[in-house]
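Mind having a look at this structure? Questions to follow.
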Amino acid sequence: MNKEERLLLLKEVSEVRGISGNEREVSCLIQRYLKDDVDHFEFDNLGSTLAYLPGEQGEPTVLFTAHMDEIGFMVLRVEESGLIRLGNVGGWWGHVIPAHEFVVKTRDGHEYIGVTGAQPPHGMPADQKNKVMELKDMYLDLGVDSRKQIEDMGIRIGDTVTPLQSFRVMNNGTALLGKAWDDRASVAVGIEVIKNLKARGHKCNVVFAGTVQEEVGLRGAGTAAYHVKPDVAFATDVAMSYDLPGAPNSPSRLGAGVALSIMDSSVIAHRGLFDWVEAIAKERKIKYCYDLLTAGGTDSGAIHKQFDGIVNMTVSLPCRYFHSHVSIIDYNDYVAMVELMTEAIARIDNEVVDALKESKH
Ligand SMILES: [Zn+2]
């Protein structure tokens, strides 16, 4: 892909709506982009979307995943006044919810923009001003006057509420602003890697999975891995960018390249696979850094425990401000991630798999 095509892909994956459990629009986007490249698509029964690209040798099978879901809300309750109370889907911090635009989507497909109300601070008591608001005290304002109007619009309890934010290339030319880089940036990586592998050829069977419900507990990755039964698997996701005031001194930061994840709260990378991938990055002079996350998990947490264990690791993209409307990634890190994933998967054959498994005993 040239830069223009790539930026369009990134804009589309960022702006498409798909909170956990409602990933259909993202699945359709993946299918639209890859329908002429892959042999076929399969699906698990939760909605994970599996793009199959057969290899020249017909084995082994490599799975790589990116979760399609983003965090958001559901309509929890409608007040008599027409204000909507929200139930969270995935992890939100109270500070980043008020004074933002969201889209409510009804079950018959209508979309309505609302804003999370925020009181002006004038005259607010200090104890209220200085503490983080709780979701139960917030509401979504659609600019209507009554519950009746909300009902007439077709909005019901359980309808999805998704952040609204336009994609933007920022002022240094490489910082990319968008919602849902967690984990749509990796969805774009997956689409590009499949196209690259199709063009250059590869021995192993490759399956790219857009997984569902990662943000609520790594749910779709487990069922997707069970469906595919891979010999080797990668999860691709975002990593914290530690280049901000007060952050610990850690190598994962914007512009540092693709991040190789050593450990998070859900998984410890398969050491043999980690070292093998790092050696490829070195050889190909692909910029990379390490990531070590002590809180939070990735799809790998569910994948590596399937069957009798799957050789697995997470490859990540440094990202600022994820789990808010305004996350930022770096264009060059993204390109490094595409290159490394393409190069690693293209090299996997039975010999590599045997050596990786051997490295554990
Ligand atoms: Zn994620």
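Since every read-out is calculated from the coordinates, none of them should be taken as a lab result. Being a predicted model, the structure only gives us computed values, none of them experimental. Glycine also receives a Cβ, built like all others from the backbone with ideal geometry; neighbour counts cover every protein chain displayed.
Considering only residues of the range 305-324 that are assigned to a loop (DSSP other than H, G, I, E, B) and within 16 Å of the ligand (Cβ to nearest atom), which is surrounded by the most Cβ atoms within 10 Å (Cβ to Cβ)?
The selected residue is PHE322.
Considering each residue of the range 174-201, count those that are assigned to a helix (DSSP H, G or I) and touching a His at 6+ places or on another chain (Cβ under 7 Å), and give that number.
The total comes to 2.
Whether any residue in the range 12-27 is in contact with a Pro (Cβ under 7 Å, 6 or more places away or on another chain), buried (at least 22 other Cβ atoms within 10 Å of the Cβ) and part of a strand (DSSP E or B) is what I want to check.
Looking through the range 12-27, none of the residues is in contact with a Pro (Cβ under 7 Å, 6 or more places away or on another chain), buried (at least 22 other Cβ atoms within 10 Å of the Cβ) and part of a strand (DSSP E or B).
So that you can scan it fast, the table gives a plain yes or no per residue for (1) crowded, with 24+ Cβ neighbours inside 10 Å; (2) part of a loop (DSSP other than H, G, I, E, B); (3) within 11 Å of the ligand (Cβ to nearest atom):
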site: LYS203; (1), (2), (3): no, yes, no
site: ALA209; (1), (2), (3): yes, no, no
site: GLU214; (1), (2), (3): yes, yes, yes
site: THR223; (1), (2), (3): no, no, no
site: TYR226; (1), (2), (3): no, no, no
site: PHE234; (1), (2), (3): yes, no, no
site: VAL238; (1), (2), (3): yes, no, yes
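Looking at GLU59, GLU42, can you tell me which residue is assigned to a strand (DSSP E or B), charged (D, E, K, R) and more than 21 Å from LEU164 (Cβ to Cβ)?
Selected residue: GLU42, the only one of GLU59, GLU42 that is assigned to a strand (DSSP E or B), charged (D, E, K, R) and more than 21 Å from LEU164 (Cβ to Cβ).
Go through the range 28-39 and give me each residue that's surrounded by 15 or more Cβ atoms within 10 Å (Cβ to Cβ) and assigned to a loop (DSSP other than H, G, I, E, B).
ASP37, VAL38
Moving to a separate point now. Of PHE73, PHE64, PHE102, which residue is within 16 Å of the ligand (Cβ to nearest atom) and either assigned to a strand (DSSP E or B) or of a type outside the set (Val, Ile, Thr) (or both)?
Within the list PHE73, PHE64, PHE102, the selection yields PHE64.
Assess whether ASN171 counts as being surrounded by fewer than 24 Cβ atoms within 10 Å (Cβ to Cβ) and in a loop (DSSP other than H, G, I, E, B).
Yes; evaluated as a whole, the condition is true for this residue.
Being in contact with a helix residue (DSSP H, G or I) (Cβ under 8 Å, 6 or more places away or on another chain) and within 30 Å of GLY94 (Cα to Cα) is the requirement here; does VAL38 meet it?
no
Which one of ASP333, ASP291 is within 16 Å of the ligand (Cβ to nearest atom) and part of a helix (DSSP H, G or I)?
ASP333
Give the residues of the range 107-117 that are assigned to a loop (DSSP other than H, G, I, E, B) and either within 26 Å of the chain's Cα centre (by Cα) or more than 13 Å from LEU83 (Cα to Cα) (or both), sorted by residue number.
ARG107, ASP108, GLY109, HIS110
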